[in-house]
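The values are calculated or read from the model by the stated rules, or taken from the named source; none is laboratory data. Computed from a predicted model, the values in this text were never measured in an experiment. Glycine gets a Cβ as well: all are built from the backbone with ideal geometry, and neighbour counts include every protein chain shown. For the accessible areas, the whole protein counts, side chains as well, though only heavy atoms, and no ligand, DNA or RNA atoms are used. Shrake-Rupley method; radii C 1.70, N 1.55, O 1.52, S 1.80 Å.
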Amino acid sequence: MAPTPLSNLCSLFSTANECPTPDTVGIYTQGTLLADFTTVWQGLGLPQASLDNFAKELKVFVGMDDGEALHRLRHEYTRLFLTDNRLVMNCQGPWRGKKEGKEKVLFMVNPYSTEISDFMRYCGVVKRAGYNDSLDMLENEWRFCSMLAQNPQSLVDAGIDPLEKLDEFMDRFMKAWVPGFAEDVAAVTREPYFAALAGIQADFVELY
């Protein structure tokens, strides 16, 4: 499958939503993530203002010591999205359940997560053995969008139009939570990078 500008952008969104590790923090400190986002975003002719805000926060980490950058990013990622005291759900099913007023929403075992899992399975994507996280985590949803945007021949041969499915996934699922998720992150984060990342995703989803 040959990557396309759209699949590259979705892949970058997926990468940016992952919790940084010692092996990946270099994409921030070496400016790789900034350069790649700029190239792909501008290549797709998307609004410069959205990119400028995100790029401003990415530039903060360029040239920073890897250890310092890793501490800042992981500390805030943990505060926002991990532990029982997480401030924002970064999985679609639980996030939407909470917005509907449900006090307790199980990960993976809820109507939205099941629907998303079924949608992905129809398109040939299943959870690999040993993987314990939810398929409807934001990073996984963007990875799925990236796959569809490559218009894989295997799906075409199976009678499935990948780009039509991408449009459907964006309309049914991504637009249903990414803008609200961005608002939630912006309201509680102490690290402007996370607000800017959520914001540029919301801008793209609303433009799509």
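Taking the helices alone, the chain has a mean residue ellipticity at 222 nm of -19000 deg cm²/dmol, built from -39,500 (n - 2.57) per DSSP H run of at least 4 residues and averaged over all its residues.
Only one item in [x] -0.39, -0.72, -0.99, -1.27; [y] -0.27, -0.62, -1.00, -1.41; [z] -0.31, -0.69, -1.03, -1.30 matches log10 I(q)/I(0) by the Debye sum over Cα atoms at q = 0.08, 0.12, 0.15, 0.18 Å⁻¹ derived from the coordinates shown, and that item is [y].
Pairs of Cα atoms nearer than 8 Å and 6+ residues apart set the relative contact order; for the chain it is 26 percent. Shown for the chain: cysteine residues without a partner Cβ closer than 4.7 Å, namely Cys19, Cys91, Cys123.
The order of the peptides 64-77, 191-204 by mean Cβ neighbours within 10 Å, most packed first, is 191-204, 64-77. A cut-off of 5 Å between modelled amide H atoms, ignoring neighbours fewer than 5 places along the same chain, links Gly31 with Gly63.
Projecting the Cα atoms of Met64, Thr24, Leu46 onto the charge dipole of the range 20-97, computed from C-beta unit charges around the Cα centre, puts Leu46 farthest toward the positive end. Annotation for the range 145-205: trypsin sites (Lys or Arg not before Pro) lying in DSSP loop with at most 15 further Cβ atoms inside 10 Å of their Cβ are Arg190. One Cα centroid belongs to the range 109-127, the other to the range 138-203; the line between them spans 15 Å.
Summing Cβ point charges (Lys, Arg +1; Asp, Glu -1) relative to the Cα centre of the range 10-73 gives a dipole of roughly 200 debye.
Rolling a 1.4 angstrom probe over the protein heavy atoms, how many square angstrom per residue are accessible across the chain? Mind dumping the intermediate values first?
On the way: 10120 Å² over 208 residues.
On a per-residue basis, 49 Å².
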